[in-house]
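What follows draws every value from the coordinates through simple rules; no lab data is involved. The shown structure was predicted, so the numbers you read here are calculated from the model rather than taken from an experiment. Here Cβ is always computed from backbone atoms with ideal geometry, including for glycine, and neighbour counts include all displayed protein chains.
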Amino acid sequence: MRRFNRDQRFLKDSRVLRRIVDYAELKPDDVVLEIGAGTGNLTVLLSERCRKVIAYEKDRELASMIPKKENIEVRAEDFLKSDPPEFNKIVSNLPYSISSPVTFRMLELEFERAVLMYQKEFAMRMIAKPGTKDYSRLSANVQRFFEVELLEIVPRTAFFPRPKVDSAIVRLTPKKERDPVFLELTGKIFRCRRKSIMNNLRGTVICGIKGEEIAERLDEKILRKRAEELEVEDLKRIARLIERMRCEN
């Protein structure tokens, strides 16, 4: 009998599988990227509703179990180390351990919509509001670059082997904006999210600008706040300030 590693959880509830496909609102010409395809139970359903499925599954034994169909392209490799071909939608039951790197990788990709299964705790962090315990760099960046919808909570009983936690289906719609300054800013000031912005800026450099110089141009109220208290709009204003300072240099 095959032994599953700790990160392998297969969605066995056919009703949930079909709802995931429905949430993606697939069209006949869509090309769907699937990450962590497992044995292909979701892959096959997707293939019935779109032109092509590009299914990533780095476990070669599992990849070999994905049904062979003309419109399913199986890639037995690590998605995070790959350069995926062109696609327009992402639909996946993600392995828990790669939720964060996959989500941040998606910021670099162009697509119309993503429907993803995450661990419930991770999904709650994605929609968390400033000032709450779950608000983080993840929350700020997901809300900056995507419209985020938590569609449903999926109980642990829907999976095999059964995990110790529930999951959640999330739909992400890109805002079609690029903001590398925002990304670097949040990477620096959320390192210690409970420290004040002043303390997080001290001794750091963001996009070539010293943190102390940025602090001199910020309102005292902002400097006294902690990163976990800043609204996305506050962070966007700081990012725009840094852009102006770069132009001045």
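Worth pointing out:
- Residue pairs, from the table Lys120/Lys225; Lys58/Lys175; Lys188/Lys236; Lys129/Lys221; Lys176/Lys210, whose Cα atoms sit over 24 Å apart: Lys120/Lys225; Lys58/Lys175; Lys176/Lys210
- Sequence-distant aspartates and glutamates (8 or more away, or on other chains) whose Cα lies within less than 12 Å of Lys69: Glu48
- Vicinal HN-Hα couplings computed from phi for region 212-228 (Karplus, 6.51 cos²θ - 1.76 cosθ + 1.60; Hz; Gly/Pro x): 5, 5, 5, 4, 4, 9, 9, 5, 4, 5, 5, 4, 7, 6, 8, 4, 5
- Each of Lys236, Lys81 was scored by other Cβ atoms within 10 Å of its Cβ. Listed from fewest to most, they are Lys81, Lys236.
- In the chain, the DSSP-assigned H stretches of four residues or longer account for a calculated mean residue ellipticity at 222 nm of -9500 deg cm²/dmol, using -39500 (n - 2.57) per stretch and the full residue count as denominator.
- The relative contact order of the chain, computed from alpha carbon pairs under 8 Å that lie at least 6 residues apart in sequence, is 15 percent.
- Note, ³J(HN,Hα) from phi for region 95-100, Karplus 6.51, -1.76, 1.60, rounded to Hz, x at Gly and Pro: x, 3, 5, 10, 4, 5
- Loop-resident chymotrypsin sites (Phe, Trp or Tyr not before Pro) (DSSP state other than H, G, I, E or B) in region 96-144 with no more than 15 further Cβ atoms inside 10 Å of their Cβ are absent.
- Comparing mean-square fluctuations of Val142, Val91, Val44 from a GNM of the chain with C-alpha springs under 10 Å, the top value falls on Val44.
- In this structure, the amide hydrogen of Ser167, modeled 1.01 Å from its nitrogen in the peptide plane, lies closer than 5 angstrom to those of Lys120, Val154, Arg156, counting only residues at least 5 positions away or on a different chain.
- Square roots of 5 times each gyration tensor eigenvalue, C-alpha, region 199-249, largest first, Å: 17, 13, 9
- Positive dipole terminus of region 10-174, leading residue within Ala76, Ala128, Ile20 (C-beta point charges): Ala128
- Read-out semi-axes √(5λ) of the Cα gyration tensor in Å, derived from the coordinates shown; its label in (i) 38, 19, 15; (ii) 33, 26, 16; (iii) 33, 22, 15: (i)
- Couplings 3J(HN,Hα) for region 152-164, derived from phi with the Karplus relation 6.51 cos²θ - 1.76 cosθ + 1.60 (θ = phi - 60°), are 6, 8, 10, x, 4, 5, 7, 10, 9, x, 6, x, 8 Hz, where x marks Gly and Pro.
- Counting neighbouring beta carbons within 10 Å and listing from fewest to most, the residues Arg224, Arg125 come out as Arg224, Arg125.
- For the chain, leaving out every one of the GluC sites (Glu not before Pro) that falls in a DSSP loop and has at most 15 other Cβ atoms within 10 Å, the longest unbroken run is 113-176.
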